[in-house]
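*Asks:* My structure is below; once you've seen it, I'll send some questions.
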2 protein chains.
Amino acid sequence: MAVMLSTRVLGEQELRRLVGIVGLHALMDETIAALGRTVTEFDPSHTELRKRDGFQYQHPHPGVLEWMPVMKVGRQVVVKLVGYNPANVEGLGLPTILSSISLYDVNTGHLRALCDGTFPTALRTGAASAVASRLLARPDSEVLGLVGCGAQAVTQAHALSRLFPLKRVLVYDRRPETARGFARRVDFLGLEVEAVRLEDVEREADILCTATSVEVGAGPVLSGTRLKSHVHINAVGSDLPGKTELPLEFLRRAVVCPDYLPQALVEGECQQLQPGDIGPTLFELARDPTQGRQYHGRPTVFDSTGFALEDQVVLEVLLEHAQSLGIGRTFQLESLADDPRDPYSFLRPEGLLPEAIRIDAPPQVSACES
Amino acid sequence: MAVMLSTRVLGEQELRRLVGIVGLHALMDETIAALGRTVTEFDPSHTELRKRDGFQYQHPHPGVLEWMPVMKVGRQVVVKLVGYNPANVEGLGLPTILSSISLYDVNTGHLRALCDGTFPTALRTGAASAVASRLLARPDSEVLGLVGCGAQAVTQAHALSRLFPLKRVLVYDRRPETARGFARRVDFLGLEVEAVRLEDVEREADILCTATSVEVGAGPVLSGTRLKSHVHINAVGSDLPGKTELPLEFLRRAVVCPDYLPQALVEGECQQLQPGDIGPTLFELARDPTQGRQYHGRPTVFDSTGFALEDQVVLEVLLEHAQSLGIGRTFQLESLADDPRDPYSFLRPEGLLPEAIRIDAPPQVSACES
């Protein structure tokens, strides 16, 4: 009897249905809670993390396509493939970040699930800033500043609004129409959103998120000189070698906490720093939350490069709902059959030779190229 | 208006239908021809190759899960994910190699296609040996020897039967029942198959393929001392650090041609050799076919570690047929919408706020862990 292996797919339509039932706020809250637990309990003997790796190119526009793998030892491997193409927003009407996430059974190689990665990436990047801000920012933070008002800024505002008593959101984007459009994109949050000058964002924010597509070598995007002394910054956009958002002078004064140090040293704000100038990692902060509180009054930075563990967390949250709600297309992806030693046996259901094999094509000895 | 991006899936059912129309022999012939052209025309400025990388583990049994990426610059990225778990054949009735292949549009990150990788891996591994054997083996080779009679041996026999006037196939496996079952698995080839002693395979083969799951450090699987002086060996099973199939003494006498040198040095028979003892690569042989012919009379080895370019070739062959035949499930995987700056806009079809957003969950400020 042939073995069956089922692959579950969550595409746009399935995610729309899932979010419609679970609720967007509930999903964000669950992702924040799950990510908080995961970084607190992280144990490298159970979870093997890898730095992002991929292909970079300059034509037709600068961009990257990268893979982000993580293994739960003995259980599963999650790999996100992610494209980063800022030119696509204007050029093709596509998001800068487009992505898909795959979940493999580690002991067979079977693809258990495939999910859109675009919505989950935005969710988990917001959730990561919420987890870090809970450890580093003042709990009474009321003013959120956003520099860069694209897709990732939406989930920064959403996630932080779930944990902080935000009263105002001050936004700036180098494209004024992107800043002006932001209020409409987050109208479901019921917050007061104002498009203001960069210096006003810097001056007034208690928590500030940078989520820009600044070009490699073109940063920083803030002056760093007008900030509140207790500001907490989530630096979200730094995710390529040479791409940084914060001024070095400010980083040296601040406590800089990377999400995943080996990657932050290559792609994050930590690129600019010597190892001795880098603060505790998100994992270290989460294990000892008193550590973060001792920095209150000093600027803090979450160096959020985005790492594979976050993708695993959000995928698990989504898949758990999908399974319990019966959402998702399922089908048999891998070609299998009753004989694991015969790669053609899936062509012979019920032991019959199919047309495929009976077609009488003569060997091409005479026709071979050489 | 929302942007649409379509993902095509070729699973077991779709591949069965495709092979039923195209024919298995035709598919093998096309894969051999396409791979031959691809290695002949290979230009590293147009195609960026990466070594296989992945996770290794020892429990519940030794295995690996690896990714194999290749980029056609400006066009596409193909990534195969592949599990290698020899224990699964007996334990779960699953093939040692289980796999899936994804094709991404490099300039957007969009997943254009997802295909089973199990059947394609077997096809292309056979095709690679055929391409190499055409360049290195005697064209009048009549006796094929197979050491290791699992899934990969089936396509070795199939592919080589398309290019050489084979009269006999002599097979050996350390599990006698695996060797005895082989004749049935290749009955569609109409060849005389005999399960014999290892030494008989070694003595009589003009072309010999090793495709074993020998454990790391447990090789070689041949003596290397009884072989014909003109033998050509396709060493297919060597694909892990420490896993090799051929004796060093024999390799030193032979002309050893790796498929992809950077990978063969880490995982292939070339692990055992000094750089100066390694012969021309498959690319070099293909560009100058006279080179291979000068070795006739001397043993030759194709060090086939299996590389990403082969996966790209077979995927393209399959996808071209699927597209022209209209085979494959298609759906929208990535969550998109009319506003590329809003990751939630796919939740608001026709400008309406969905239930997802209207659900009134209060912020969790008081409930937050810290």
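*Asks:* How tilted is helix A:12-22 with respect to the longest principal axis of chain A? Cα atoms for both, answer in degrees (0 to 90, nearest 10).
*Replies:* Computed tilt is about 60 degrees.
*Asks:* Could you check the simple spin-label distance between A:Ser6 and A:Glu249, using points 7 Å along Cα→Cβ, in nm with one decimal?
*Replies:* 6.1 nm
*Asks:* Also, I was wondering about something else. What does the copy distance list look like for A:Thr225, label position 7 Å along Cα→Cβ, in nm and ordered from shortest?
*Replies:* In ascending order, 8.2 nm.
*Asks:* On to the next question. HN-Hα J couplings of region B:70-78 from phi, Karplus 6.51/-1.76/1.60, θ = phi - 60°, integer Hz, Gly and Pro as x?
*Replies:* Computed from phi, the couplings for region B:70-78 are 8, 10, 8, 3, x, 10, 7, 10, 10 Hz.
*Asks:* Output the relative contact order of chain B, whole-number percent, from Cα pairs under 8 angstrom with separation of 6+ residues.
*Replies:* Contact order relative to length: 19 percent.
*Asks:* Label-to-label distances across copies for A:Thr40, with labels 7 Å out along Cα→Cβ, in nm, shortest first?
*Replies:* 6.4
*Asks:* Compute and list, largest first, the equivalent-ellipsoid semi-axes of region A:1-120 from the alpha carbon gyration tensor, each √(5λ) rounded to a whole angstrom. Present the calculation step by step, with values, prior to reporting the outcome.
*Replies:* Numbers: eigenvalues 134, 81, 67 Å².
Largest first, region A:1-120 gives 26, 20, 18 Å.
*Asks:* Can you work out ³J(HN,Hα) from phi for every residue in region B:49-54, in order, using Karplus 6.51 cos²θ - 1.76 cosθ + 1.60 and θ = phi - 60°, giving whole Hz and x for Gly and Pro?
*Replies:* Computed from phi, the couplings for region B:49-54 are 9, 10, 5, 4, 9, x Hz.
*Asks:* Give the angle, between 0 and 90 degrees and rounded to the nearest 10, that separates the Cα long axis of helix B:151-161 from the longest principal axis of the Cα atoms of chain B.
*Replies:* 60 degrees
*Asks:* Residues of region B:149-184 with backbone nitrogen within less than 12 Å of a virtual label 7 Å along the Cα-to-Cβ line of B:Asp200, please, listed as ranges.
*Replies:* Only B:169-173, B:180 fall inside the zone, counting backbone N under 12 Å.
*Asks:* So what is the relative contact order for region A:129-307, in percent, with contacts set as C-alpha pairs under 8 Å and at least six apart?
*Replies:* Values: 405 pairs, mean separation 42.2, N = 179.
Once divided by the residue count of region A:129-307, the mean separation gives 24 percent.
*Asks:* Among B:Leu309, B:Leu114, B:Leu325, whose mean-square fluctuation peaks in a Gaussian network model of chain B (Cα, cutoff 10 Å)?
*Replies:* B:Leu325
*Asks:* In whole percent, what relative contact order does region B:188-264 give with Cα contacts below 8 Å and a gap of six or more residues? Show your work: numbers first, answer last.
*Replies:* On the way: 91 pairs, mean separation 23.1, N = 77.
About 30 percent, as a whole number.
*Asks:* Report the Stokes-Einstein translational diffusion coefficient (µm² s⁻¹, integer) for chain A, Rh taken as the Kirkwood radius over Cα pairs, at 4 °C with viscosity 1.567 mPa s. Intermediate values should be presented prior to the final figure.
*Replies:* Working: Rh = 22.2 Å.
So the translational diffusion coefficient is about 58 µm²/s.
*Asks:* Just grab the label-to-label distance for B:Leu325 and B:His230, each label 7 Å out from Cα along the Cβ direction, in nm (one decimal).
*Replies:* Spacing of the two 7 Å Cα→Cβ label points: 3.9 nm.
*Asks:* For the Cα atoms of chain B, what angle does the longest principal axis make with the long axis of helix B:24-41, in degrees from 0 to 90, nearest 10?
*Replies:* 90 degrees
*Asks:* Can you flag which of B:Lys167/B:Lys243; A:Lys80/A:Lys167; A:Lys80/B:Lys243; A:Lys51/A:Lys243; A:Lys167/A:Lys243 are past 26 Å Cα-Cα?
*Replies:* Among B:Lys167/B:Lys243; A:Lys80/A:Lys167; A:Lys80/B:Lys243; A:Lys51/A:Lys243; A:Lys167/A:Lys243, the Cα-Cα distance tops 26 Å for B:Lys167/B:Lys243; A:Lys80/A:Lys167; A:Lys80/B:Lys243; A:Lys167/A:Lys243.
*Asks:* Using a 7 Å offset from the Cα along the Cα-to-Cβ direction at both A:Arg75 and A:Asp140, what is the distance between the two label points in nm, to one decimal?
*Replies:* 4.1 nm
*Asks:* Take the Cα atoms of region A:222-324, build their convex hull, and give its volume per residue in Å³. If you can, show how the numbers build up before the last one.
*Replies:* Working: hull volume 12.3 nm³, N = 103.
So the per-residue Cα hull volume is 119 Å³.
*Asks:* While we're looking at this one, here's another question. Name the long-range amide H neighbours of B:Leu333: under 5 Å, sequence gap of 5 or more, or other chain; modelled H, no Pro or chain starts.
*Replies:* So B:Leu333 has HN proximity to A:Glu12, B:Thr7.
*Asks:* Could you tell me how far the Cα centroid of region A:1-75 sits from the Cα centroid of region A:83-153, in Å?
*Replies:* Result: 10 Å between the Cα centres.
*Asks:* Collect residues whose amide H, placed 1.01 Å from N in the peptide plane, falls under 5 Å from the amide H of A:Leu98; neighbours closer than 5 in sequence don't count.
*Replies:* A:Gly83, A:Asn85
*Asks:* Would you kindly work out, in nm and rounded to one decimal, the distances from the label point of A:Ala87 to those of the same position in each other copy, ordered shortest first, with label points 7 Å along Cα-to-Cβ?
*Replies:* 4.9
*Asks:* Subtracting the Cα-Cα distance from 0.36 nm times the residue separation, let me have the gained length for A:Asp338 to A:Gln13 in nm, one decimal. Spell out each step's value before the answer.
*Replies:* Details: separation 325, 0.36 × 325 = 117.00 nm, distance 3.43 nm.
Roughly 113.6 nm would be gained on extension.
*Asks:* I want to make sure I understand the PRE zone here: with the label point 7 angstrom from the Cα of A:Asp288 toward its beta carbon, which residues in region A:295-323 have backbone N atoms less than 17 Å away?
*Replies:* A:295-296
*Asks:* Compute the Rg/Rh shape ratio of the protein assembly as shown: radius of gyration over Kirkwood radius, all on alpha-carbon atoms. Present the calculation step by step, with values, prior to reporting the outcome.
*Replies:* Details: Rg = 28.0 Å, Rh = 27.2 Å.
Rg divided by Rh gives 1.03.
*Asks:* Here's something else I'd like to know. In 5 Å bins starting at zero, report the fraction of Cα pairs in region B:124-307 per bin as a rounded %.
*Replies:* Values per bin, smallest distances first: 1, 9, 20, 24, 23, 15, 7, 2, 0.
None of the figures in this text is laboratory data; all of them are computed from the coordinates on show. Treat the numbers as computed from the prediction; the structure is a model and nothing was measured. In this analysis, Cβ positions are derived from the backbone assuming ideal geometry, glycine residues included, and neighbour counts consider all displayed protein chains.
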